[in-house]
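The values are calculated or read from the model by the stated rules, or taken from the named source; none is laboratory data. Just so it is clear, the structure is predicted and the values come from calculations on it, not from any experiment. Every residue, glycine among them, receives a Cβ derived from its backbone with ideal geometry; neighbour counts consider all protein chains shown. We work out accessible area using only protein heavy atoms, side chains counted, and drop any ligands, DNA or RNA first. Shrake-Rupley method; radii C 1.70, N 1.55, O 1.52, S 1.80 Å.
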Amino acid sequence: MGGVDDEEPALKRMKVSAKGLTALSNGSSTLETVGGFSSDSMARPLPSEVDEQVVGSKGVIKREEFVRIIAKALYSLGYRKSGERLEEESGIPLHSPGVNLFTQQVLDGNWDESVATLHKIGLADENVVRSASCLILEQKFFELLHGEKVMEALMTLREEITPLCNYSSRIRELSSCLVSPSPKQDILKVRSRSKLLEELQKLLPPTVMIPEKRLEHLVEQALILQTETCPFHNSLDKMSLYSDHHCGKELIPSRTVQILETHDDEVWFVQFSHNGQYLASASNDQTAIIWEVGVNGLSVKHRLSGHQKPISSVSWSPNDEELLTCGVEESIRRWDVSTGKCLQIYEKAGAALVSCTWFPSGKHILSGLSDKSICMWELDGKEVESWKGQKSLKISDLDITDDGKEILSICKPNTILLFNKETKDERFIEETQTITSFSLSKDNKFLLVNLLNQEIHLWNIEGDPKLVGKYKGHRRARFIIRSCFGGLKQAFIASGSEDSQVYIWHRSSEEPVETLPGHSGAVNCVSWNPANPHMLASASDDRTIRIWGLNNLNKKYQNAHSNGIHYCNGGT
């Protein structure tokens, strides 16, 4: 390590007398001057040559902690003899004698003795001692009640628990167990003593009691960090502990595997269904198409006609059984996916509908209107509620969080409104540039915002919105260009571009991953299959939809323009 050969002859190694080694309080060591030499007049030895308190090539892992965590893992896995042998051979006990005694007292139900021992195991924080004592005495109280020793339970509550517990509400709950003939079962429920130990473990410092599954947690953290820093991680395969993780570009969908040529004009919007089994596309030709995803590629399931204007967007129902299509300042239509039949037309006198989305329950829909209001509809077309004011622009995206509480819309050219429909609270994302579109992440924690200045911004919308990422490189001058989250765990950002290409970035690092050529017109919208991280769709002004897959696929799918088109009348 550091250029020093481990096979170096012993005479060339530095010798240190025992009295020349001075221990520090943190367990490290310093070298005193030996044989009259100044410590600065000779090369210093590497820490691994003199410090046996650490393990590993970096010298950052404390041997004692490492051994204790391994021993804890062995016991947790049921290898008791191996754990005992490790403690014996290393001379490093998993826990101190006091902690071992405390653990056994808890498991044996010796409550008073365990509380007394708790005070003797070196806990500096009195609040921790108090909280742990309360947990133990509550267990004592419940077990006495369970054994129908009511008077003893009462004495425990009065004389032991009450002086320690700072929460009067908890005291009242425990008291209700004594006076009520049928106390709440969740209060009276007696936890097992091993469960009590787990709860105590969360309270006590990790130096006193090693947390459960600590080694597993550390390994998981290491694996997660490797995947998060891997620029191309997009594999469903389980990771191995035998080697460091690395993915190549071949796991990013970057090859055209199918070209869909059924639309007669520019394709403005595409979106996969939640289950990934369908793709819906919307076009300037006033039709939408439902494509079915099969093993041999995508094929037309239904062509939906009936709109009198171009269709700007679509929205899948939560169960993927129905589809909304929104005409450009026209109406919204609801379709049955299995039959292709139009089930309902949503219109409002004096205002055109410009955007649409589903409520998470699937029982209502939302629409943005040209009068800058947002309207909530029942499925049968009855207007339920309307929020007036500057809630939505004419050209607007619209979405709602999975809990059904917060509605997102573009309310001003450079502002997105997050409106809580229950509390009426309003939060805002304010950009310095005009916003053209946005996309909500699957976990509802992030918002992807496309801007007029050819940038895409990533906002964390938990609490006060925070700008956390920027993506650049694509082209946008005249049209609305849409981007999306995608890939495994939505680790990538994809976007269309007016230069006829698809751009892909790594979400965390913001670094460009791929640029996909192939279209001959502006790419208006992209959609990543939520059920297949290796499938991406792009919609273009060249009237086609391209399906992108992995480079190592053995074959391309056949073009879908001749695959059994079903034309459906949009009348109700």
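Some notes on this structure:
- Set S495, S508, S483, S520: member being open to solvent by 30 Å² or more (accessible area, probe 1.4 Å), closer than 24 Å to D542 by Cβ and of a type in the set (S, T, Y): S520
- Screening the stretch 333-358 for residues that are assigned to a loop (DSSP other than H, G, I, E, B) and at pLDDT below 95 and picking the one that is most open to solvent (accessible area, probe 1.4 Å) gives E347.
- Subset of the stretch 285-332 that is open to solvent by 40 Å² or more (accessible area, probe 1.4 Å) and over 14 Å from F272 (Cα atoms) - its residue that is farthest from the chain's Cα centre (by Cα): Q308
- Hey, G340 of a type outside the set (S, T, Y) and on the phi > 0 side of the Ramachandran plot or not: yes
- Residue match in the stretch 236-246 (condition: closer than 26 Å to N524 by Cα, charged (D, E, K, R) and open to solvent by 50 Å² or more (accessible area, probe 1.4 Å)): no
Yes/no per residue for (1) surrounded by 14 or more Cβ atoms within 10 Å (Cβ to Cβ); (2) over 30 Å from P97 (Cβ atoms):
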{"position": "V128", "(1), (2)": "yes, no"}
{"position": "A153", "(1), (2)": "yes, yes"}
{"position": "I161", "(1), (2)": "yes, no"}
{"position": "S169", "(1), (2)": "no, yes"}
{"position": "L178", "(1), (2)": "yes, yes"}
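- Each residue in the stretch 131-141 was checked for being open to solvent by 10 Å² or more (accessible area, probe 1.4 Å) and under 17 Å from R158 (Cβ atoms), and 3 pass.
- Residues that are open to solvent by 10 Å² or more (accessible area, probe 1.4 Å) and not basic (K, R), drawn from the stretch 360-369: P360, S361, G362, H364
- Enumerated strands (runs of 3 or more DSSP E) restricted to the stretch 471-532, each holding at least 1 residues that are of a type in the set (V, I, T): 492-495, 502-506, 512-516, 523-528
- Among the residues of the stretch 202-256, those identified as of a type in the set (S, T, Y) and either under 20 Å from the mean Cα position of the chain (by Cα) or outside the structural domain of E510 (by the TED database) (or both) are T207, T227, T229, S235, S240, Y242, S243.
- Annotation note: of S409, S396, S439, the sole residue that is open to solvent by less than 30 Å² (accessible area, probe 1.4 Å), in a loop (DSSP other than H, G, I, E, B) and either closer than 18 Å to S508 by Cα or in contact with a Ser or Thr (Cβ under 8 Å, 6 or more places away or on another chain) (or both) is S396.
- Residue check, K372 open to solvent by 60 Å² or more (accessible area, probe 1.4 Å) and under 27 Å from E347 (Cβ atoms): yes
- Taken over the stretch 412-463, the residue count meeting the criterion of being among the small types (G, A, S) and more than 21 Å from the chain's Cα centre (by Cα) is 1.
- Being in contact with a Phe, Trp or Tyr (Cβ under 8 Å, 6 or more places away or on another chain), within 24 Å of N420 (Cβ to Cβ) and hydroxyl-bearing (S, T, Y) is a description that does not apply to S355.
- Members of the stretch 247-284 that are surrounded by 17 or more Cβ atoms within 10 Å (Cβ to Cβ) and among the acidic types (D, E): E266
- Considering the stretch 97-124, the residues that are free of Cβ contacts under 8 Å to residues at least 60 places away in the same chain and assigned to a loop (DSSP other than H, G, I, E, B) include one that is nearest to S175 (Cα to Cα), namely N110.
- From the list E422, E406, the lone residue that is touching a strand residue (DSSP E or B) at 6+ places or on another chain (Cβ under 8 Å) and either farther than 23 Å from I481 by Cβ or not aliphatic (A, V, I, L, M) (or both) is E406.
- Restricting attention to the stretch 59-74 and to residues that are part of a helix (DSSP H, G or I) and open to solvent by 50 Å² or more (accessible area, probe 1.4 Å), the residue that is nearest to G91 (Cα to Cα) turns out to be E64.
- Only one entry in D265, D285 is at pLDDT 95 or above, part of a loop (DSSP other than H, G, I, E, B) and over 16 Å from E330 (Cα atoms), namely D265.
- Meets criteria (closer than 30 Å to E64 by Cβ and in the same structural domain as E198 (by the TED database)) for S176: no
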